[in-house]
Amino acid sequence: MRLLAFIGALAIIVAIAAAVFFFGGFWSVAESQDDPAIVSWALASVRSASVARQATAAPPANLDEPATVQAGARSYATIGCVNCHGGPGVKWAKFSEGLKPVPADLVAMAKERTPAELFWVIKNGVKFTGMPSFGLAGASDQDIWSIVAFVHKLPTVTEADYKTWTASP
Ligand code: HEC
């Protein structure tokens, strides 16, 4: 009984101390500060697990068609992705270096993620990172699938392809 009362009191003290620490402004929300390694690791693991479980949408049949890939390249360039992730022959905007985690290298990512996962991330965004929800920002599912088609092909897209596909008509 005594032990239980002690554990209960301890829990209350810890809760109050945590409330003072967080609500009292002692915890820094600075983006410029690194998270402790264990926090970064936990957040990254939760992100991957979440995306893998949530991403269930079936890709449309035309994902590999050049017209879809090229439409995706145009959306990628105009909707803002290139500012944070860069593109073939195009450097990301300097401000994106101020994000933590830094925006992923999509050429590498494209090989590791399924189209369903790419779709989910682009549509819904990722909490606790700078990755916006483009569904919330008004992009249609069709637009998002075309961007997925482009990102999926990224490892084989040359600078010249990208330049041609994104040139204004
Ligand atoms: C404001 C900056 C910003 C913009 C704009 C942005 N992203 Fe991101 N994106 C991020 C950040 C930050 C992450 C998280 C870093 C990570 O997952 O490694 C991320 C993560 C991702 C991931 C997940 C990578 C992974 O780890 O699985 C994909 C895919 C992605 N972005 C694609 C896109 C596409 C496509 C667009 C445009 C439709 C876009 N992003 C626009 C910042 C941005």
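The values are calculated or read from the model by the stated rules, or taken from the named source; none is laboratory data. For clarity, every value in this text was computed on a predicted model and none was experimentally measured. Virtual Cβ from ideal backbone geometry, glycine too; neighbours counted across all protein chains shown. Side chains included, ligands, DNA and RNA excluded: accessible areas come from the protein's heavy atoms. Shrake-Rupley method; radii C 1.70, N 1.55, O 1.52, S 1.80 Å.
Residues checked against (1) more than 14 Å from the chain's Cα centre (by Cα); (2) on the phi > 0 side of the Ramachandran plot; (3) at pLDDT 95 or above:
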residue	(1), (2), (3)
Trp92	yes, no, yes
Val102	no, no, no
Ala110	no, no, no
Asn124	no, no, yes
Phe128	no, yes, no
Pro132	no, no, yes
Gly135	no, no, yes
Ser140	yes, no, yes
More than 10 Å from the ligand (Cβ to nearest atom) and either farther than 13 Å from Tyr162 by Cβ or open to solvent by 60 Å² or more (accessible area, probe 1.4 Å) (or both), is that true of Leu63? yes
List every residue pair whose Cβ atoms sit under 7 Å apart, with the two residues 6 or more apart in sequence or on different chains, where the first one lies in region 70-81 and is more than 10 Å from the ligand (Cβ to nearest atom) and the second, anywhere, is assigned to a helix (DSSP H, G or I) and open to solvent by less than 20 Å² (accessible area, probe 1.4 Å). Ala71/Ser146; Ala73/Phe150; Ala73/Tyr162
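Within the group Asp105, Asp141, which residue is more than 10 Å from the ligand (Cβ to nearest atom) and either among the charged types (D, E, K, R) or within 16 Å of Ser48 (Cα to Cα) (or both)?
Asp141
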